[in-house]
Amino acid sequence: MLSSDSYLFPDSWGPLVTLLRYNHRAGSKFSIACCQVASAVAMALEVTLTKEMVVGSLIPILVYWVYSGLYTVFGQFFNNYRLHPKEDEDNKNLVSKGTVIRGVLRQQFFTTIIINLLHMVTRGNVDAGTGASSGQSTSLVVITRQMVVALLVHDAYQYFVHRCLHQNKFLYKHVHSKHHRLVVNYAYGAFYNHPVEGFLLDVIGSPLTIYVSGMSPLTSAVFSSFSIMKSVDDHCGFWIPWNPFQMLFTNNVAYHDVHHQLYGGKYNFAQPFFPFWDKILGTYMDYRVEKRDGGGFQLRPIKESKD
């Protein structure tokens, strides 16, 4: 039996106890409550945390910081691809980069705990020899079907929650406005949210997508990593014509940047893959990407807001 301060966890939770201890000591009341819930569920169900589950949940976190780190390095040398001048990251944004980093790390921790609990409850049969969950299909057809279902479920859930967070004045003022303190997006700010929004989009949304699609821990890690890379790319702040995400998806960095501007706040809610919910429900704002005097690019809305 392992403990993290006043919380008890099964022995198999060793890799995450250090993270729990850190979040308990440094966290808010919300952080402490999440630790208490994780402990209670883990002990009540006597669930086992396998290596597959730990690796599957930590890979997306590594992908997030590596991919956003590449954009941070890229930005030191290629200012001519920026959608906003570099100085606007500090002058127009309403939150410091240090605060953003701490907020993202805390949110990733909560998501990791919830996803592992979900896998342990729904994929609880463990092979004693390998420590891996049993009964999971390796069929390419099955995995492809799971990925397609995950894409559709994830996009639908994100659209309607995101739109609700904007259209409900209380939720926008007290919850979603935190994310919009980043008027000028940068890569590692993609998951900077209020804890309630993080709970809705990541702690509920990600496990919901995994559960409905039926993905295994490692399959979900592949999907989550792809989704995270797409979200980071949508917030990177660089218009790069040869970027695969920006070539293959019309819902891309420019599409989402429109949403972060004052004129586009009631449009382009769809994220992170396809724009069809915006187009079907009348919340799509078209735009042009133009070269900016002095270097870089700028966005020009084609449909002006009527509000």
Report the residues of the range 194-227 in range of a label on R102: point 7 Å along Cα→C-beta, backbone N strictly under 15 Å from it.
194-195
For the range 229-307, with every protein chain kept in place, what is the accessible area per residue (1.4 Å probe, Å²)?
47
Sort 100-112, 168-180 by the packing proxy (mean of other Cβ within 10 Å over each peptide's residues), most packed first.
100-112, 168-180
Segment R181-D293, extension gain: residue separation times 0.36 nm, minus the distance between their alpha carbons:
37.7 nm
Stretch N80-L208 to full length: gain in nm at 0.36 nm per residue minus the Cα-Cα span?
42.1 nm
Can you list residues from other chains, or at least 5 along the same chain, whose modelled amide H is less than 5 Å from the amide H of H194?
K178, H179
Contour minus Cα-Cα span, F276 to L62, at 0.36 nm per residue, comes to 74.0 nm
Phi-based couplings in Hz for the range 247-258 (Karplus 6.51, -1.76, 1.60; Gly and Pro marked x)
7, 8, 10, 6, 7, 9, 4, 5, 4, 6, 5, 4
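The values are calculated or read from the model by the stated rules, or taken from the named source; none is laboratory data. Predicted model only: the values in this text are computed from it and were never measured. Every residue, glycine among them, receives a Cβ derived from its backbone with ideal geometry; neighbour counts consider all protein chains shown. With ligands, DNA and RNA removed, areas are computed over all heavy atoms of the protein, side chains included. Shrake-Rupley method; radii C 1.70, N 1.55, O 1.52, S 1.80 Å.
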